[in-house]
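Working notes, structure below.
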Amino acid sequence: MTRQYRDTVRLIVDSFSALTPQQQKAAKFILENPEDVGLNSMRAIAKGAAVKPATVSRLSKTLGFAEYHQFREPFRERLRKIEPKFASRVADVQKRGGDYEALLSELRAQEIGNIQGTLSDQNIPVLMDAAETMHQSRRVYVLGLRGAYGPAFLFYYAYQLFQENCRLIDTRAGIFADQLRGIGETDSLLVISFPPYTQLTIDAVQYADEAGAKIIAITDSVVSPATSAAGHTIITRNHSTSFYHSFTGALAVTEALITLLVTKKGGDAVRIAREAENQLSKISAYW
């Protein structure tokens, strides 16, 4: 029988004083980051707690769990019960629906703030470093699922117009895992992820990290599970008056990265773009 999350937390607290100093470090991290435990691997939790994976394994056994995955299950169950709260936000927006001008004015202000906050002076060095990492990569993998698919696809579409080493990862035909096959130390993964974080996205980040790939995360917070293995984290504002969070900031980041990358590509970018133009013209892609 699976132990409840609340009981597991109480067990950790009650056992804390009897744990070794290293186990206490791991336990403290787990108590402060329950979402990470539900979303990430034992290796990622150990890294976040600055302890060895064996310490996390021993902690779970000390607490009475035969295996780590049994210890993790209450945290996963907790995440399953946390609803995105879209319905309540829809209701909140509808309550304000009478004053449409004020609603749209607030939305406009928030979207402008999203772009300004995302493309801030603080983020510019991170954007430049991330672009250089992708420029040096053998292959650039791009991942954004559910709502994040839009900015991910835009990046892929624009990038492949002047570069030939990009792969867009998606869930079509059930070959999600197959598309990551072959990723390695000379590759990079651009991942876009916002709450509620998609489990497949976090699994892909962990897989790419274990394969040695360099991770660039576009996300909303430094404690986002997408940042657990990221070498570059681009914090992106996503505030919105509407019921669903905004992707305007994420779109601004993808546009900024494309701009930086095309300048780094040099003359080859012009050649590839010209070839793309000729091909699209021949098949009457545009009206």
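What follows is calculated from the coordinates using simple rules that are stated; it is not laboratory data. The model shown is predicted, which means the values in this text are computed figures rather than measured ones. Cβ sites come from the backbone with ideal geometry, for glycine too, and all protein chains shown count toward neighbours.
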>> Could you tell me the calculated FRET efficiency between L11 and A50, based on Cβ-Cβ distance and R0 = 25 angstrom, to the nearest 0.05?
In response: 0.65
> What is the gain in length, in nm to one decimal, between S242 and E132 on full extension, counting 0.36 nm per residue of separation less the C-alpha to C-alpha distance?
Replying inline: 36.1 nm
> Within the chain, how many lysine pairs that are 8 or more places apart, or on different chains, have C-alpha atoms less than 24 Å apart?
Replying inline: 14
> Listed highest first by mean packing, meaning other Cβ atoms within 10 Å per residue, what order do 169-179, 208-218, 108-118 come in?
Replying inline: 208-218, 108-118, 169-179
>> Can you give the FRET efficiency to the nearest 0.05 for K265 and L31, using r as the Cβ-Cβ distance and R₀ = 51 Å?
In response: 0.60
>> Whole-Hz ³J(HN,Hα) for each residue in the range 175-185, computed from phi via Karplus 6.51 cos²θ - 1.76 cosθ + 1.60 with θ = phi - 60°, x for glycine and proline: what do you get?
In response: 10, 3, 5, 4, 6, 8, 4, x, 5, x, 5
> What number in nm² do you get for the range 5-81 if you take the convex hull of its Cα atoms and divide its surface by four?
Replying inline: 4.2
> I215's amide H: which non-local residues (gap 5+, or another chain) put their own amide H closer than 5 Å, with H modeled 1.01 Å from N in plane and none for Pro or chain starts?
Replying inline: L189, G231, H232
> So how strong a dipole does the chain carry about its Cα centre when Lys and Arg Cβ are +1 and Asp and Glu Cβ are -1, to the nearest 20 debye?
Replying inline: 700
> What FRET efficiency would be calculated for the residue pair E77, A211, taking the C-beta separation as r and a Förster radius of 35 Å, to the nearest 0.05?
Replying inline: 0.75
> Mean shadow of the range 174-220, computed from the convex hull of its alpha carbons, in nm²?
Replying inline: 3.2
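Please compute the length gained on full extension between N278 and L200, using 0.36 nm multiplied by the number of residues separating them and subtracting their Cα-Cα distance.
Full extension from N278 to L200 adds 24.3 nm.
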> For the range 5-81, with only Lys/Arg (+1) and Asp/Glu (-1) charged at the beta-carbon, what is the dipole magnitude about the Cα centre, in debye rounded to 20?
Replying inline: 140
> Any idea what the alpha-carbon Rg over 2.2 N^0.38 Å comes to for the chain?
Replying inline: 1.15
> How large is ³J(HN,Hα) for each residue in the range 159-165, as worked out from phi by the Karplus curve 6.51 cos²θ - 1.76 cosθ + 1.60 (θ = phi - 60°), to whole Hz, x for Gly and Pro?
Replying inline: 5, 6, 6, 9, 9, 10, 10
